[in-house]
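So the structure is just underneath, and the comments pick up after that.
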Amino acid sequence: MPEHMSAFEGTCVVIPCRFSYPDELRPSAVHGIWYFNSPYPKNYPPVVYKSRTNIVHESYLGRTRLLGELNFRNCTLQISRLSPELTGKYYFRGDLGGYNQYTYPEHCNLEIINKPTIVSPPEVVEGTEVELRCVVPDNCPDMKPIITWMNHENLAEHSVYAQVEEEGGTWSLVSLLKFMPSRENHGHELGCKVTYSNTTFEFDGFTSLDVKYPPRILQANSSVEVIQGSHVVLVCSVDSSPMALISWLREDEILHEDMAGSLTLHLDNITHLQDGIYTCAAENIYGKDNHSLALAVLYAPWKPVVNASVVAVEGEPVTILCSSQSNPEPMITIFKDKKPMAMGVYQNQVALEFESVTHEDDGEYWCTAENQFGQRSTAFNLTVEFAPLILSDSKCTAARDTVKCICAAKSNPEAVITFELPTRNVTVNETDREFVYSQKTGYIVTSILTLQREVDSQLYIVCSARNFYGTRNQQLQFHHSNSLMWAKVGPVGAVVAFAILIAVVCYVSQTRKKKSMNESSSFMQTENPPVAYSGDYRTPGHLEKSEYGRCDKRLLNKDLGIDYANIDFTKLSTKDSYTLTEELAEYAEIRVK
């Protein structure tokens, strides 16, 4: 008999059974007994069927009948109106008369069920045709099952087939459902319903589809621009079965990963170093998916970088590069004296080019980089080395017995200035401190030659300026004292007026003290009055201590008929520290005690 059989509650089941015994026994009659759950009579198991009598256990009254012919060694049993308590083991005992009785150890396990069995394949993979089986016991000739599939209408490429299968002496009706699964079918519930004709019996079973499919990224950030220092959150949601390993990567570097359905990446206080391509990658054993985005970090320009502070020789080509970095790219401008010299828009580098640099290009420059997030600047110098240039201020001035010559030269490096007197075969420079005084302002060197002598028609002076890059000579033009004197009439006239005023005051004061008008008239008749100088001669360089213009009181105390003062300005000497600036001044300072 079958080791295992099943049947729906309320239906029937036929347990096929055959037995054997030794041929030599040759019984006149063969009887049989079906026991429930025990093969041994001494245990008094419930009697399911007994061929000698109709005495059976109350649970089987009217439910069992023998379909087989015992004499032909067929012990097939039918049980009707099955109920759950009838689930168990069924044994057959042969009775050939006398002591020839025997309970066979083989038995049948009967299971009373109330739903069909749906068999799914071990693996349902997206895109691969799959077959589901609804298996229903079919072991009762009086009742034939009818199978119907439920909730299968939306399955792609579905079809249904039916077939009868026999295994180990038991029969089953099998309904096959074939379809092409997709990820949308994952978790979908399918049903199998069993009915019997002319009955109200209805049994159904359900199963949920476990569809395996590769990951698919459902939601992820798109490319984004953020300001440096911001907090950025990147989210990646994935649909997959089984669950995928999700990773966030920047270029090839893994930043965060987890076995999950969604993965979030937090970027705090973001910098330009985190700018780049970010990728969400998801993978399981059935496949993988990824999504990339560009994260652009916006920031102000870096401090501009200049290739170097340049030193060039006049006439050479010069190229100066200024570069900066920002996002968006900066506008870079190179200025000199607030005047734009070169400019680049949305460029990281700008070149300032001189085909032939001149000394006028020498100086301080500024490179400025800016965008909407800020501005940075860097200063640099362009130093041009050039041969001397003698300036137009260079000249000689003659005043009585003094000659002063000024030679101003501009050069880089500093020029050495010498004065040459060809007619005298004399050359002097700043090392001759008795005659030459020099000073430097920036690239300009000014040397002043002072000669204590009168000018003759043969005298001419040549200024020579020399440095590493060349020598420049120029004969200095003379400016005579007439023009110089008239240039100083204003201040000198003021001093003269002041001196005369002092003399008049002294005169009036002394005149009031005279008692005799005769003495006054005799004074007027004097033809050669004595001369008194009220100041002492001072050497050059001590004009600030001069006493010119002072009324000498000693003269006033003498018994002369008339006191007077005579002032001589012809003895005034020029300062030793004569400079080009004083030569061109509109006034001179004279202190009077």
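The values are calculated or read from the model by the stated rules, or taken from the named source; none is laboratory data. Here the structure is a predicted model, which is why all the values come from computation and not from measurement. Note that each Cβ is placed from the backbone with ideal geometry, even for glycine, and that neighbours are counted across all protein chains shown. Protein only, heavy atoms only, side chains kept; ligands, DNA and RNA dropped before computing areas. Shrake-Rupley method; radii C 1.70, N 1.55, O 1.52, S 1.80 Å.
Points to keep in mind about this one:
- Segment 1-86 - convex hull of the alpha-carbon atoms, volume per residue in Å³: 109 Å³
- Heavy-atom accessible surface of segment 1-111, averaged per residue, reaches 55 Å², computed with a 1.4 Å probe.
- Over 20 Å (Cα to Cα) - which of Lys339/Lys410; Lys212/Lys288; Lys338/Lys440; Lys395/Lys440; Lys115/Lys193 fall in this group: Lys339/Lys410; Lys338/Lys440
- Using a probe of 1.4 angstrom and keeping all protein chains present, the accessible surface of segment 175-325 works out to 50 square angstrom per residue.
- Rolling a 1.4 Å probe over the protein heavy atoms of segment 322-369, with every protein chain left in place, gives an accessible area that is 47 percent carbon and sulfur.
- Estimated at 0.36 nm per residue, the fully extended path between Thr441 and Glu167 surpasses their Cα-Cα distance by 86.8 nm.
- Extension gain (nm, one decimal) between Arg183 and Lys89, 0.36 nm per residue minus Cα-Cα: 29.4 nm
- Per residue, segment 337-458 exposes 55 Å² of solvent-accessible protein surface, assessed with a 1.4 angstrom probe and all protein chains in place.
- Cα gyration tensor shape for segment 59-154, rounded if a/c is under 1.5, else prolate or oblate: prolate
- Volume per residue that the Cα convex hull of segment 269-396 spans, once the total is divided by residue count, Å³: 147 Å³
- Largest-first ordering by accessible area, 1.4 Å probe, given options Glu257, Glu3, Glu85: Glu3, Glu85, Glu257
- Inter-part distance where segment 19-41 and segment 362-389 are each reduced to a Cα centre, Å: 120 Å
- Label separation (Lys42 vs Glu225): 9.9 nm, computed from points 7 Å beyond Cα along the C-beta direction.
- The length gained by stretching the chain between Glu364 and Thr195 to full extension, at 0.36 nm per residue less their Cα-Cα distance, is 50.7 nm.
- Distance from the Cα centroid of segment 129-191 to that of segment 270-335 is 65 Å (rounded to whole angstrom).
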